[in-house]
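A short worksheet on the structure shown next.
The values are calculated or read from the model by the stated rules, or taken from the named source; none is laboratory data. Since the structure is predicted, the reported quantities are computational estimates derived from the model, not experimental observations. Cβ: placed from backbone, ideal geometry, glycine included. Neighbour counts: every protein chain shown. Just so you know, the surface numbers come from the protein's heavy atoms only, side chains and all, with ligands and any DNA or RNA stripped out. Shrake-Rupley method; radii C 1.70, N 1.55, O 1.52, S 1.80 Å.
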Amino acid sequence: MNEIKIDKIIRSGRRSISLMISPDATLTVRAPFLTPLFYIKKLVFEKRAWINKKQMQIIKNGGPQKPKEFVTGEEFLYLGEIHKLEFENRKELGLKDRRAKVIEWYKKHALQKITERADYYSRITGWKFKSIAITKAETRWGSCGPSGSINFSWKLIMAPLDVIDYVVVHELAHLLVGNHSARFWDKVRAILPDYKKRRKWLKENLTKFKV
Ligand SMILES: [Zn+2]
């Protein structure tokens, strides 16, 4: 059998095995301390179709990405467009602080822009929300609370505006319908007839959001 290259195995007190493809297309396996290597290799082989698909996606999206350094000149996504970072006082700040500064900037702009869009769609639909918050969620673009609060990941501000609008309308529609039933999608479609195209963009461009 053809062996799949495992770039890193991280053993810990965890109870299950997980596979992760990083933005640089490498494969990391997390496993319990005592899992035998042959077992890990067997599992990786069984999951080869998934691994291959993920790695192909990265190549399709413009190739493996190096971890960000948060230095002047480095490229960052904002509203779907690439911008070059310009850092002041960069010498005094360590990597962790530079990253924090960039995320702080993103969060501030995310709150401004997403609130503006939510207000707009709330006005034209009549679907009212009580409060809006920006979260540090890594894998959920948006969520909504039982009392009319809507939340969005700060990362969403990297997406093009039409994609942001889709996530906003999606969460607003959840204020009326809590699940993903046909009734829910009818509501979304009534506001954004091309919502599927926007949703597809999000799914296909996940690696662009790695910060
Ligand atoms: Zn939903």
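For the chain, a simple Cβ point-charge model (Lys and Arg +1, Asp and Glu -1, everything else neutral) yields a dipole of about 740 debye relative to the Cα centre. Dipole of the chain computed with +1 at Lys/Arg Cβ and -1 at Asp/Glu Cβ about the Cα centre; of M20, L206, W127, farthest Cα towards the positive end is M20.
Of interest is the spacing of the C-alpha centroids, which for the stretch 1-78 and the stretch 122-140 amounts to 32 Å.
By the gyration tensor of its Cα atoms, with a ≥ b ≥ c the square roots of the eigenvalues, what is the shape of the stretch 81-151: rounded for a/c under 1.5, prolate for a/b over b/c, or oblate? In terms of gyration-tensor shape, prolate.
Convert 10 °C to kelvin, take the viscosity as 1.306 mPa s, use the Kirkwood radius over C-alpha pairs of the stretch 117-173 as Rh, and evaluate the Stokes-Einstein diffusion coefficient in µm²/s, rounded to a whole number. After rounding, the answer is 141 µm²/s. Under the rule of -39500 (n - 2.57) per DSSP H run of 4 or more residues, summed and divided by the residues of the chain, what mean residue ellipticity at 222 nm is obtained, to the nearest 500 deg cm²/dmol? Value at 222 nm, helices only: -13500 deg cm²/dmol.
Tally up the carbon and sulfur contribution to the accessible surface of the chain as a whole percent, 1.4 Å probe, everything protein left in place. Its accessible area is 53 percent carbon and sulfur atoms.
Given 4 °C and 1.567 mPa s, compute D for the chain with the Stokes-Einstein relation, Rh being the Kirkwood radius over Cα pairs; round to the nearest whole µm²/s. Translational diffusion coefficient: 66 µm²/s. Against the chain, whose longest principal axis is taken from its Cα atoms, helix 48-60 shows a tilt of about 60°. Across every direction, the projection of the convex hull enclosing the Cα atoms of the stretch 8-60 has a mean area of 3.5 nm². For the chain, the solvent-accessible area of protein heavy atoms averages 62 Å² per residue (probe radius 1.4 Å; ligands and nucleic acids excluded). For the residue pairs K54/K196; K53/K113; K128/K196; K8/K155; K42/K68, alpha carbon separations beyond 30 Å are given by K53/K113; K42/K68. Note on M56 and D119: their simple-model spin labels are 4.6 nm apart, each label 7 Å out from Cα toward Cβ. Highest mobility in the GNM of the chain, judged by mean-square fluctuation with C-alpha springs under 10 Å and restricted to K113, K66, K187, is found for K66. With both residues required to sit in the chain, DSSP beta bridges show an antiparallel share near 50%. With a ≥ b ≥ c taken as the square roots of the eigenvalues of the C-alpha gyration tensor of the stretch 42-112, please select rounded if a/c is under 1.5 and otherwise prolate if a/b is larger than b/c or oblate if it is not? In terms of gyration-tensor shape, prolate.
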